[in-house]
Amino acid sequence: MIDKPLRLLVVDDDPSVLGVVQRIARELGFDVTFRGGGREALASLSDVQPDVALIDLQMPEVGGLDVLRAVRAADPQCQAILMTGNATVETAVEAVKAGALDYLTKPFDYDRLHGLLNAVREGIRQRERLLAVEADVAKQFEFCGMIGRSPGMKELFDSIRRLAPHARTVLLEGETGTGKELVAKALHKVGPRSSRRFITVNCSAVVETLFESELFGHVRGAFTGATDNKVGLFEHADGGTLFLDEAGELPLPLQAKLLRAVEYGEVQRVGSLETRKVDVHLIAATNRDLRAEAAVGRFRMDLFYRLSIIEILLLPLRDRRDDIPYLTARFVRECADRLNRPITGVAPAAERVLQQAPWPGNVRQLRNTIERACILSENKILSERDFQNALSSSRPAADAAASTLAKLPSDPDALTTAEREHIERVLREVGGNKSAAAKALGLSRRSLYRWLDRLDLRN
């Protein structure tokens, strides 16, 4: 990115200006584009996408200040310089208010023109170098796919290194989007079973009647549709690690069998009288308070104690804001590469927006917001407005959820078209993420899945 020529847009109704500017600009490595008037410049802004704009103040039809404002509105990072043959204090003040970096008087002072363009070039290059350094620094704070230099994340990384070689059962607790699956994978990778299977089960996505068969398997004829013997996920993970995501969604009747599997390493397929020995490390994750759930009878207390031999609490993003710049640098680079977009980083004002946002969806929401901004932005540097737009586009669904869906009718046929469309819109806003959709809609995950099944929206 750093070696790519910078784009200079020259807007002037006098073609002779181009020769003067072009000679000096090309010596400094600029790729020069000329437009012979304000209207022509405005029509091609999205195609040219200049890094620097040199604009004549007095032009027919569309004046220089209007072009300047349009250039700055299209890309706040674009440096604009006005040219005028009648410089006054009032002109200078007005130019600065409109966002101009400086202004030049005609006929040109060649040294001043050269100095201004060189200063702009060096400023842009320095900013690009700093952004590249930030992305490289982010790699230094990476551990097993996670990024963090805050005290909380350093402690988490140390805990993983210390516990992974010995832990057989771990409970991960934290809000949605804090990276519980990444921690589970890190425990597996750093532990002695890194070369064995790592199996993930999303407990909120499995149909309740099939839970037992999924985990423990079944024999032929055990129930309608059981035409063959099936190996359960516990047996499939034998010798490796089984990750139960959203373990708080486990049905109570299944929890006793899970306890036995964890406690004694024994599983029993549905419809079989035989028990089978398995050697599985179990990692469970939840965004619920399982201790409180157990206290009111919604989760087995004995299973909670067995799962929580080792507990790891993941911090929400609002409690580790020091990590946001490094996460941002990582996600911007990933998105730019994946989307094949020439995006190099984030403007300082945009960084402040990210630092101040509440992030109820934590790191997952930050990543999705950055991806949305990368898709929608036409600039090389993501601006404050890019992120304000990206953040605001996800708010209406969450803001309207409580009032729209708090009183869903029991019969899905009674749903109005607007209510059905609202559910579909929320799913689109969160990119199909069912957990995020459930949170936005004010429903439990299991309730959301029941509604999706009944409305034929599951796929």
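A few comments on the model shown:
- Set GLU351, GLU384: member being of a type in the set (Asp, Glu) and surrounded by fewer than 18 Cβ atoms within 10 Å (Cβ to Cβ): GLU384
- You will find that of ALA41, ALA95, the residue that is at pLDDT below 80 and open to solvent by less than 30 Å² (accessible area, probe 1.4 Å) is ALA95 and no other.
- Residues being at pLDDT below 90 and touching a Gly at 6+ places or on another chain (Cβ under 7 Å) - total across segment 135-152: 1
- Looking at ARG112, ARG69, just one residue is touching a residue at least 12 places away in the same chain (Cβ under 8 Å) and on the phi < 0 side of the Ramachandran plot, and that residue is ARG69.
- Hits in segment 285-299 (condition: in contact with a Lys or Arg (Cβ under 8 Å, 6 or more places away or on another chain) and in a helix (DSSP H, G or I)): ALA294
- Condition check for LEU303: open to solvent by less than 80 Å² (accessible area, probe 1.4 Å), without any contact (Cβ under 8 Å) to a residue 60 or more places away in the chain and assigned to a strand (DSSP E or B): no
- Of note, GLY174 satisfies the criterion of being within 24 Å of the chain's Cα centre (by Cα), open to solvent by less than 50 Å² (accessible area, probe 1.4 Å) and small (Gly, Ala, Ser).
- Taken as a whole, the condition of being surrounded by fewer than 15 Cβ atoms within 10 Å (Cβ to Cβ), polar (S, T, N, Q) and closer than 27 Å to LEU382 by Cβ does not apply to SER16.
- Subset of segment 332-347 (residues that are closer than 13 Å to ARG367 by Cα and either touching an Asp or Glu at 6+ places or on another chain (Cβ under 7 Å) or without any contact (Cβ under 8 Å) to a residue 24 or more places away in the chain (or both)): GLU334, CYS335
- Among the helices (runs of 4 or more DSSP H) confined to segment 185-284, the ones with at least 1 residues that are open to solvent by less than 20 Å² (accessible area, probe 1.4 Å) and under 24 Å from GLU175 (Cβ atoms) are located at 252-264.
- A single entry from ARG112, ARG149, ARG69, ARG125 fulfils the requirement of being open to solvent by 40 Å² or more (accessible area, probe 1.4 Å) and closer than 25 Å to ILE24 by Cβ: ARG112.
- Checked against the criteria, ARG121 counts as closer than 21 Å to LEU382 by Cα, basic (Lys, Arg) and part of a helix (DSSP H, G or I).
- If you go through segment 41-57 and keep only what is without any contact (Cβ under 8 Å) to a residue 24 or more places away in the chain and either more than 28 Å from LEU376 (Cβ to Cβ) or not small (Gly, Ala, Ser) (or both), you end up with just ASP47.
- Looking only at residues of segment 19-29 that are crowded, with 17+ Cβ neighbours inside 10 Å and β-branched (Val, Ile, Thr), we find that the one that is nearest to TYR103 (Cα to Cα) is VAL21.
The values are calculated or read from the model by the stated rules, or taken from the named source; none is laboratory data. Source: prediction; values computed, not measured. As a convention, Cβ positions derive from the backbone with ideal geometry for all residues, glycine included, and neighbour counts pool all protein chains shown. Ligands, DNA and RNA are excluded from the accessible area calculation, which covers all protein heavy atoms including side chains. Shrake-Rupley method; radii C 1.70, N 1.55, O 1.52, S 1.80 Å.
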